[in-house]
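Report on the following structure.
The values are calculated or read from the model by the stated rules, or taken from the named source; none is laboratory data. Only a predicted model underlies this, so the values are computations on that prediction, with no experimental measurement involved. Glycine gets a Cβ as well: all are built from the backbone with ideal geometry, and neighbour counts include every protein chain shown.
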Amino acid sequence: MRHLVSTRLWHWINLIAIVILFMSGLNISNAHPYLYWGNWGFSPDQAWLAVPRFPGWMTIPDFYSLAKARDWHLLMALPFAFGLLFIWIAMLWNGHFRRDLVTRKHEWRWRAIKSDIVQHLRFDFRHEGGKYNFLQKLAYGGVFGVLLPGMILTGLAISPGMEATLWWLVDILGGRQSARSIHFLFAWAIFGFFILHVALVLLTGPIGQLRAMTLGGDYEPANPPFARPRHDKGDAA
């Protein structure tokens, strides 16, 4: 498996941006730790969720400051947004999206999906016929096509002073408070993907994968020692 230069460059820039955006976002959340649906919401009894207060070691800066947290958030929002635009242009231009991320009709058959699920449960991450298997395509497709763009759109909708300009976007999202709730949920969904992604990297050869994502070159995912052995077709019984 080989990663293109555009993928490697975007991967590390995006990682830095997301970490800072997430941690500064937690600091912003501390300013009003309640989420609502619709256009309005002010008091705890109107909230659908009371968000816990996040400690300093989880936030940027490591003390409560709404102004400084917003500065960090805005600073990283630009490379995050333009980085996503760059990687989409690159994926469409070099064929990475069509070749590696688009699912095929036969992959949607339950038998094929079940086989992928069983292999993952057995910690068998090898696959044939492409760079990613069906579950990986779904995960990356959800991140690239839904979560990351959704973070940008909801972020614009809740930005101070943007309601007059982007009123149509606010309306589509169901109101400013709905956009804020979706922004929060998408942020934690990306965090969940990040944890799963790191766990799978650790299970399938972190040194080789880090080298490939940094310097390029081919690598093959390694199975953990507790994975069940897999017999290829044609092997003797």
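For the stretch 85-107, the criterion of being of a type in the set (S, T, Y) and either touching a residue at least 40 places away in the same chain (Cβ under 8 Å) or assigned to a helix (DSSP H, G or I) (or both) is satisfied by no residue at all. Considering I158, I117, the condition of being without any contact (Cβ under 8 Å) to a residue 60 or more places away in the chain, in contact with a helix residue (DSSP H, G or I) (Cβ under 9 Å, 6 or more places away or on another chain) and buried (at least 16 other Cβ atoms within 10 Å of the Cβ) is satisfied by I158 alone. Annotation note: of R122, R111, the sole residue that is surrounded by 14 or more Cβ atoms within 10 Å (Cβ to Cβ), out of contact with any helix residue (DSSP H, G or I) (no Cβ under 9 Å at 6 or more places or on another chain) and among the charged types (D, E, K, R) is R122. Taken together, the residues in the stretch 33-45 that are outside any helix (DSSP H, G or I), more than 20 Å from V170 (Cα to Cα) and without any contact (Cβ under 8 Å) to a residue 12 or more places away in the chain amount to 1. The set of residues from the stretch 207-237 being surrounded by fewer than 13 Cβ atoms within 10 Å (Cβ to Cβ) and modelled with pLDDT of 75 or more comprises I207, L210, T214.
Can you tell which of L138, L185 is surrounded by fewer than 16 Cβ atoms within 10 Å (Cβ to Cβ) and part of a helix (DSSP H, G or I)? Residue meeting the stated conditions: L185.
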